[in-house]
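In what follows, a single structure is set out as structure tokens and then discussed.
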Ligand SMILES: Cc1cc2nc3c(=O)[nH]c(=O)nc-3n(C[C@H](O)[C@H](O)[C@H](O)COP(=O)(O)O)c2cc1C
Ligand code: SF4
Ligand code: FES
């Protein structure tokens with residue numbers, strides 16, 4: 001493979017790269033000029049389609065193809081940029097916003113021109129406070145310089161970009177949850193179809209794309225689809241920002257060709273597993289994607305290869321490394337807690353399922369586990385999500401995958417944990433045993449005994465030392 | 001002599017000031033519907049009052065020409081808007097995977113113990129509110145915390161949490177909103 005030349009990160013170490021002046025001095029907005037002044041919108045769509053750029057937000061859907069789903073006879077198009085970035089361990093969009101806001105704006109400009117959108121909403125998670133300020137400033141600068149606003153470059157094309165801040169809900173990253181939230185409602189994902197391209201925000205044809213996806217667009221326009229396809233692995237082309245965090249020496253965000261392996265990321269870019277330990281497992285692309293075991297760290301992190309080890313996909317390419325001192329149950333406790341907290345509550349299987357898994361996993365953690373819990377959870381996990389078709393959105397699949405993968409790959413350890421961590425207090429009570437065995441129990445007597453203890457307190461208690469006399 | 005009846009019912013004092021209302025209405029042209037201004041309006045009120053009391057919801061609803069219940073429905077979905085004022089600085093301690101693996105849960109406990117409060121509560125002097133958060137998107141700092149004026153902390157250890165709390169007690173670093 002030819003040496004890889006980073007493009008998404010190329011300005012990151014340049015002083016003042018955030019300013020329009022520096023961005024322009026490094027060739028910034030030239031692609032936008034090229035697209036707007038020399039190309040037809042459909043020609044731009046075709047270049048992006050030919051590049052086979054796949055969405056970087058999680059699902060990996062081909063970007064150019066999605067743009068062609070917009071109705072031909074539409075009067076208006078809206079662009080919604082997904083900057084909710086809430087998948088645990090993911091922070092590449094934040095780097096793009098904070099370090100090169102104009103590259104992102106140029107991506108928006110070209111993409112809006114291609115899809116004929118004259119309004120773009122950037123839905124930004126509230127926690128990106130600094131990124132919000134940086135973006136506000138960049139939009140101001142771009143507008144003053146004529147890269148945004150009316151009649152851009154004298155072409156008659158108009159574009160307004162508005163920042164819209166979220167309020168701390170993971171589910172607003174799901175594209176239709178985002179749209180509902182933008183409309184001022186609770187972020188409840190919609191049933192699809194209709195897909196946003198047909199009926200999206202404010203019931204108008206809407207394009208939803210991730211920040212990193214749009215940041216690739218100016219480079220594709222500048223260098224062409226073939227250049228883009230010369231990077232990466234089959235069906236997964238182009239550069240990608242990978243983040244590595246958790247049990248590594250250096251937690252980083254790096255740009256590499258799609259298809260790098262977890263081991264390369266750990267050893268070559270993150271300074272190895274921390275404290276000289278070994279990796280026990282790694283999360284390949286945000287916790288929704290499942291888990292790789294230590295033997296699977298050489299699987300290429302691209303859109304296709306992760307299915308083989310049973311993961312859901314590449315997700316957000318956010319790698320979290322778990323060292324060999326960490327019990328897998330701790331990982332499950334964390335993922336189950338997350339999804340139970342973030343389920344929007346619309347679909348019963350997801351709302352109840354995530355809550356129930358959370359309780360079961362906490363019970364196991366606290367020493368009340370039963371071996372059969374693993375199979376019961378697996379059964380639930382297999383029936384949860386859009387893949388089995390029981391929920392509206394993919395959050396539930398994300399909740400199921402950590403369980404599926406952990407039980408498949410670490411069953412021995414989990415069973416061992418259940419066996420060796422029993423606490424006496426967590427065992428069944430005599431009443432439960434009676435009920436389980438089908439013995440007759442007199443609930444009235446039991447209920448009365450609990451409600452009103454009739455026996456006087458033992459004498460010793462009244463005269464115990466230190467007790468003030470009545 | 002009978003007490004004189006009040007000539008008119010006592011006037012309710014509006015929570016949304018005129019400049020704040022103007023700021024909210026200035027956003028209408030950005031969206032095809034007024035309702036879309038719900039979240040921005042809630043953020044503005046929250047920034048102004050450090051909470052969104054029920055009366056403010058009704059006043060927002062009036063501006064946006066929707067029912068107060070619709071504003072409440074949206075507001076209550078997001079865990080973000082408290083109805084009673086929070087501290088001068090709100091700090092989120094992350095408990096998601098990368099932070100948890102590096103001790104995030106224990107650090108949240110440590111922070112709360114040091115301030116003698118529970119997660120979600122405010123110190124009695126009204127200076128700091130500590131909350132847990134799911135991934136804050138600053139995992140390169142894991143275990144990490146974020147103050148609501150934008151300050152990022154991490155990688156933290158117990159001493160780091162102590163230093164962070166001492167710094168936060170001194171107040172916010174951003175400009176107070178001029179409304
Ligand atoms: C539960 C859930 C959460 C999601 N969160 C995000 C997110 O935070 N950011 C994002 O870009 N996409 C997220 N997505 C994916 C979006 O639904 C959508 O596929 C994406 O924004 C499309 O943009 P792309 O094609 O450019 O990737 C999420 C999906 C689901 C099911
Ligand atoms: S799957 Fe879960 S998060 Fe998604 S819409 Fe249904 S309840 Fe909400
Ligand atoms: S996991 Fe804690 S900031 Fe991302």
Legend entry - Output for segment A:190-201, where each listed residue is within 14 Å of chain B (Cβ to nearest Cβ) and in contact with a strand residue (DSSP E or B) (Cβ under 7 Å, 6 or more places away or on another chain): A:200, A:201
Legend entry - Residue satisfying condition, being more than 16 Å from ligand 1 (Cβ to nearest atom) and either within 17 Å of residue A:212 (Cβ to Cβ) or in contact with a helix residue (DSSP H, G or I) (Cβ under 9 Å, 6 or more places away or on another chain) (or both), within set A:104, A:113, A:126: A:113
Inset, instruction - Would you check if there is a residue in segment A:330-348 being in contact with a strand residue (DSSP E or B) (Cβ under 7 Å, 6 or more places away or on another chain) and either modelled with pLDDT under 95 or in a helix (DSSP H, G or I) (or both)? - result: yes
Inset, instruction - For residues that are within 9 Å of chain B (Cβ to nearest Cβ), more than 14 Å from residue B:80 (Cα to Cα) and in contact (Cβ under 8 Å) with a residue 40 or more places away in the chain, tally how many sit in segment A:172-189. - result: 2
Inset, instruction - Using the structure shown, decide if residue A:402 is within 29 Å of residue A:87 (Cβ to Cβ) and touching a helix residue (DSSP H, G or I) at 6+ places or on another chain (Cβ under 9 Å). - result: yes
Inset, instruction - Examine segment A:33-41 for a residue that is touching a strand residue (DSSP E or B) at 6+ places or on another chain (Cβ under 9 Å), surrounded by 15 or more Cβ atoms within 10 Å (Cβ to Cβ) and assigned to a loop (DSSP other than H, G, I, E, B), and state whether such a residue exists. - result: no
Inset, instruction - Return yes when residue A:257 is surrounded by fewer than 22 Cβ atoms within 10 Å (Cβ to Cβ), under 21 Å from the mean Cα position of the chain (by Cα) and touching a residue at least 60 places away in the same chain (Cβ under 8 Å) and no when it is not. - result: yes
Legend entry - Residue within segment A:149-170 that is within 24 Å of the chain's Cα centre (by Cα), within 12 Å of chain B (Cβ to nearest Cβ), part of a helix (DSSP H, G or I) and within 10 Å of ligand 1 (Cβ to nearest atom) present: yes
Inset, instruction - Could you give me the residue pairs with C-beta distances under 7 Å whose first residue belongs to segment A:388-403 and is within 14 Å of chain B (Cβ to nearest Cβ), whose second residue is part of a loop (DSSP other than H, G, I, E, B) and away from ligand 1 (no atom under 12 Å from the Cβ) wherever it lies, and which are 6+ apart or on separate chains? - result: A:399/A:384; A:401/A:290; A:402/A:290; A:402/A:291
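Yes or no, residue by residue, for (1) within 13 Å of chain A (Cβ to nearest Cβ); (2) touching a strand residue (DSSP E or B) at 6+ places or on another chain (Cβ under 9 Å); (3) surrounded by fewer than 22 Cβ atoms within 10 Å (Cβ to Cβ); (4) part of a helix (DSSP H, G or I):
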| site | (1), (2), (3), (4) |
| --- | --- |
| B:79 | yes, yes, yes, no |
| B:86 | no, yes, yes, no |
| B:100 | yes, yes, no, yes |
| B:106 | yes, no, yes, yes |
| B:113 | no, no, yes, yes |
| B:119 | yes, yes, yes, no |
| B:129 | no, yes, no, no |
| B:149 | yes, yes, yes, no |
Legend entry - Candidate set from segment A:316-346 (those that are surrounded by fewer than 22 Cβ atoms within 10 Å (Cβ to Cβ), farther than 30 Å from residue A:259 by Cα and more than 16 Å from ligand 3 (Cβ to nearest atom)); member that is nearest to the other protein chains (Cβ to nearest Cβ): A:345
Inset, instruction - Filter segment A:61-79 down to residues that are out of contact with any helix residue (DSSP H, G or I) (no Cβ under 6 Å at 6 or more places or on another chain) and within 14 Å of chain B (Cβ to nearest Cβ) and give me whichever is nearest to ligand 3 (Cβ to nearest atom). - result: A:76
Inset, instruction - Give the number of residues within segment A:138-153 that are surrounded by fewer than 17 Cβ atoms within 10 Å (Cβ to Cβ) and touching a residue at least 40 places away in the same chain (Cβ under 8 Å). - result: 2
Inset, instruction - Specify which of the listed residues (A:250, A:235, A:240, A:278) is surrounded by fewer than 18 Cβ atoms within 10 Å (Cβ to Cβ) and within 24 Å of residue B:136 (Cβ to Cβ). - result: A:250
Inset, instruction - Considering (1) in a loop (DSSP other than H, G, I, E, B); (2) more than 14 Å from every other protein chain (Cβ to nearest Cβ); (3) in contact (Cβ under 8 Å) with a residue 12 or more places away in the chain, say which one residue A:117 fails and leave the rest. - result: (2)
Inset, instruction - Answer with yes or no whether residue B:99 is over 21 Å from the mean Cα position of the chain (by Cα) and closer than 24 Å to residue B:145 by Cα. - result: yes
Legend entry - Lone unmet requirement of (1) surrounded by fewer than 17 Cβ atoms within 10 Å (Cβ to Cβ); (2) within 15 Å of ligand 3 (Cβ to nearest atom); (3) in a helix (DSSP H, G or I) for residue B:164: (1)
Legend entry - Flag if residue A:388 is over 15 Å from the mean Cα position of the chain (by Cα), within 16 Å of ligand 1 (Cβ to nearest atom) and part of a helix (DSSP H, G or I): no
Inset, instruction - From the list B:65, B:59, B:18, pick out the single residue that is without any contact (Cβ under 8 Å) to a residue 12 or more places away in the chain and either more than 9 Å from chain A (Cβ to nearest Cβ) or surrounded by fewer than 17 Cβ atoms within 10 Å (Cβ to Cβ) (or both). - result: B:18
Legend entry - Selected residue (only one of A:58, A:107 is crowded, with 24+ Cβ neighbours inside 10 Å, part of a helix (DSSP H, G or I) and away from chain B (no Cβ under 13 Å)): A:107
Inset, instruction - Test residue A:224 against the criterion of being at pLDDT 95 or above, surrounded by fewer than 17 Cβ atoms within 10 Å (Cβ to Cβ) and farther than 18 Å from residue A:96 by Cβ, and give yes or no. - result: yes
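The values are calculated or read from the model by the stated rules, or taken from the named source; none is laboratory data. Quick caveat: nothing in here was measured; it's all calculated off a predicted structure. Neighbour counts run over all protein chains shown; Cβ positions are idealised from the backbone, glycine included.
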